[in-house]
Amino acid sequence: MLESLIVIKDALPFLIQGSFTTVVIVVGAMFLGLGLGLAMACGMVYGRRWVRLVVGFYVWFFQGVPVLVLLFLFYFGLFNFMGLTLTAVAAVTIVLGMTTAAYQANIFRGAILSIPNGQFKAASALGMGNVQAILYIVLPQALRISIPAWSNEFSIILKDSALAFVIGAPEIMARTQFVASRTYQHLPLYITAGILYFILTWSGVKGLRALETKVRIPGFSLHGN
Amino acid sequence: MLKRNLVLFVAVISLIAGGFTTAFAGKKIVNGIDANFPPFAYIDKTGKPAGFDVEAMEWIAKDLGYEIEHMPIDWDGIITSLMTKKIDIIASGMSITPERLKKIDFTIPYWTINIVMVVKEDSNITMAELMKGNNRIGAQQGTPEAKWLKTEAEPRGWNYKLGYYNSSPLAVEDILNGRIVGAAMNDAPAYDAVAKKPVKILGSFGMEPEDFGYAVRKDDTELLEKVNASLERLMATPYWDELVAKYNLKN
């Protein structure tokens, strides 16, 4: 017992450094997913037929192929083929970002569709163009509605980031394994890793919850008010 | 308000960009290691790569005037990483096998390793009972012993069930959990396990000893020649024997 505690105490700074790598991967992936996902959601709702087809294919592909397979395909295959010398962390960030984009696209699509169509028509009646109506009327509401589902996606990506180890990104899980292999204290170390992940997820979800409350519009919200 | 968000946004972006930068300057070689393979390669208490192969490679790099970086990579992906130029060399207790020689080249052998079976310390099972008693045994995925155990079972009349692990320390953990009765591994990591956990080495199970070599890409003949020459020099120095003693390779 005491031996385990000493190992954990010694390993903690090393593991915490790993959680910075995890945070970089997750934040990068979530923002990449936000940009791509939002664009694709608009494409799915408002786009022409070929746009809808292309986006549909993208979503189908990234939802259908396991993240681990995608990591191998992109890191050893596509990125190499394109002549990109990306670090493992960068490659994981991009792959996770592109994966979460597929899921986020559906989150935003649902949110956009939940805004009554009458608002779009009213915006047009007031002389707004389509793009203006989307940017200033629909999206501000849709984004607010999306936050709860988005925070689910955040916690999923956070945990998926543990897969980064297979291509050599030194995040929490990889570092936990390294220390465990040297000290043979597997269980105490994995518990520690679990706690680190829990703290990260909890702070992220709490933060998003705070954001949800902060951007809430009185009179228009799912909370009633 | 907007300004503060902007600052935050820029901070986040630069943090990400920091992770993206790849620095490749000068004569630098990247050594891919399986950091779950003590005593040949592991991460030490301070978080730095260490181990017999890591220190040997440091010596060789210094000898050749190269800068060296040790990059931990999952064993499953390590040969692919070498072939796709993510790393330049694998100095991490890799056995020279005919299958691997089809894809990559190896330096001269620098260490001969025996493959042994590890069981619980208080177990009184014999090797014959272990192999024929319908037991579960484990091996690290992607290793010659895993392959050997799978192909040799039928011709030899063995009836164990084989489980695959990410590393041999994990297999040892599962011996203690009672999920497998024995685990096949190289003798040096087995000594390491015996020193740290209540397990013992049951003995060899019939697999021939294997030679370790450092692996490079097939088209990288210049590096191969240089490392070979340097490795010969290193093996002739007393430092080599010091390393062998330091990492307890001979037990």
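What is the percent of Cα-Cα separations in the protein assembly as shown that go past 44 Å?
Values: 28928 of 113050 pairs.
Summing the P(r) of the protein assembly as shown above 44 Å gives 26 percent of all pairs.
In order along region A:144-153, phi translates into HN-Hα couplings of 5, 5, 6, 3, x, 5, 5, 6, 4, 4 Hz, rounded to whole numbers, per the Karplus curve 6.51 cos²θ - 1.76 cosθ + 1.60 with θ = phi - 60° and x for Gly and Pro.
What order do you get for A:Leu113, A:Leu2 when you list them from fewest to most C-beta neighbours inside 10 Å? Please report the intermediate quantities before stating the final value.
Values: A:Leu113 14, A:Leu2 6.
The most exposed by this proxy come first: A:Leu2, A:Leu113.
Which value, in debye to the nearest 20, describes the size of the charge dipole of region B:66-195 about its Cα centre when Lys and Arg Cβ atoms bear +1, Asp and Glu Cβ atoms bear -1, and nothing else is charged? Present the calculation step by step, with values, prior to reporting the outcome.
On the way: 13 positive and 17 negative charges, 112 e Å.
About 540 debye.
Sequence gap at least 6, Cα distance under 8 Å: using those rules, report the relative contact order of region A:2-214 to the nearest whole percent.
Working: 222 pairs, mean separation 67.2, N = 213.
Relative contact order for region A:2-214 comes out at 32 percent.
Taking θ as phi - 60° and the Karplus parameters 6.51, -1.76 and 1.60, the scalar couplings of region B:176-181 work out to 5, 6, x, 7, 10, 8 Hz in sequence order, x denoting glycine and proline. Rg and Dmax of chain B, based on Cα coordinates, read 21.0, 74 Å.
The mean number of partner chain beta-carbon atoms within 10 angstrom of a residue's beta-carbon across peptide A:16-22 is 1.
Using the per-residue mean of other Cβ atoms lying within 10 Å as a proxy for protection, in what order, highest first, do the peptides A:72-80, A:19-27 fall?
Values: A:72-80: 17.7, A:19-27: 21.9.
Order by mean packing, descending: A:19-27, A:72-80.
Taking the three principal axes of the alpha carbon atoms in region B:120-251, the coordinate ranges are 49, 32, 23 Å, sorted in descending order.
Counting Lys +1, Arg +1, Asp -1, Glu -1, what net charge surrounds B:Leu64 among other residues with beta carbon under 14 Å of its beta carbon? Could the numbers behind the result be given before it?
Values: positive: B:Lys27, B:Lys28, B:Lys62, B:Lys226, B:Arg233; negative: B:Glu58, B:Asp63, B:Glu67, B:Asp88, B:Asp220, B:Glu222, B:Glu225, B:Glu232.
For residues surrounding B:Leu64, the net value is -3.
The calculated 222 nm mean residue ellipticity attributable to helices in the protein assembly as shown amounts to -19000 deg cm²/dmol, summing -39500 (n - 2.57) over DSSP H runs of n ≥ 4 and dividing by all residues. A cut-off under 15 angstrom between Cβ atoms defines the neighbours of A:Leu32, and their net charge, with Lys, Arg +1 and Asp, Glu -1, is -2. In terms of surrounding Cβ atoms within a 10 Å radius of their Cβ, B:Met131, B:Met117 rank from fewest to most as B:Met131, B:Met117.
For B:Lys218, the residues whose modelled amide H falls within less than 5 Å of its own, excluding neighbours fewer than 5 places apart on the same chain, are B:Asp105. Database remark: amide H of B:Ile180 closer than 5 angstrom to the amide H of B:Ile175 (H placed geometrically; neighbours at sequence offset of 5 or more, or on other chains; Pro and chain starts carry no H).
Shown in residue order for region A:164-172 are the 3J(HN,Hα) couplings computed by the Karplus curve 6.51 cos²θ - 1.76 cosθ + 1.60 at θ = phi - 60°: 4, 4, 4, 9, x, 7, x, 8, 3 Hz (x for Gly and Pro).
Put a dot 7 Å past the Cα of B:Glu208, heading toward its Cβ, do the same for A:Glu3, and the two dots end up 3.9 nm apart.
The mean count of C-beta atoms from other chains within 10 Å of the C-beta of residues in A:167-180, rounded to a whole number, is 5. In this structure, the amide hydrogen of B:Lys28, modeled 1.01 Å from its nitrogen in the peptide plane, lies closer than 5 angstrom to those of B:Glu67, counting only residues at least 5 positions away or on a different chain.
Please sort A:164-174, A:136-146 by packing, taking for each peptide the average over its residues of neighbouring beta carbons within 10 angstrom, highest first.
Values: A:164-174: 25.1, A:136-146: 18.3.
Peptide ranking by packing, descending: A:164-174, A:136-146.
Once region A:2-214 is represented by equal point scatterers at the alpha-carbon sites, with solvent omitted, what log10 I(q)/I(0) does the Debye formula produce at q = 0.08 Å⁻¹? Log10 of I(q)/I(0), two decimals: -0.36.
Neighbour counting of Cβ atoms within 10 Å sorts the residues A:Ser161, B:Ser81, fewest neighbours leading, into B:Ser81, A:Ser161.
Straight-line reach from B:Lys45: taking Cα to Cα under 17 Å and skipping same-chain neighbours fewer than 8 places apart, the lysines in range are A:Lys9, B:Lys196, B:Lys246.
Throughout, read-outs are computed from the coordinates displayed, never taken from laboratory work. Keep in mind that what you see is a predicted model, and the values were worked out from it rather than measured. Cβ: placed from backbone, ideal geometry, glycine included. Neighbour counts: every protein chain shown.
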